[in-house]
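Since every read-out is calculated from the coordinates, none of them should be taken as a lab result. All figures in this text were calculated on a predicted structure; none of them were measured in a lab. Here the Cβ is made from the backbone with ideal geometry for all residues, glycine too, and neighbour counts use every protein chain on show.
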Amino acid sequence: MFNDLNFWRGILTVLAFLCFIGIIIWVWRAGRKRGFDQAAELPFDENEPQFSRQAKPDTKDKNHE
């Protein structure tokens, strides 16, 4: 019974399904809404410093001189 590959595939499928259901329950709990709402507003938060991409000054590679 335990040497059958299909038995282990079935066990793995059930474990994956239970893990999936656990994640769904964790995400949809009422207590998580506040954290998710705060995370959703992060891109619109204007109090965060704006980072700009500045080009690095040209440096000569010593191998190509």
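Quick look at the values:
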| read-out | value |
| --- | --- |
| Computed lengthening from ARG32 to ARG9, 0.36 nm per intervening residue step minus Cα-Cα distance | 5.0 nm |
| Inter-site label distance for ALA16 and PHE44 at 7 Å from Cα along Cβ, in nm | 3.8 nm |
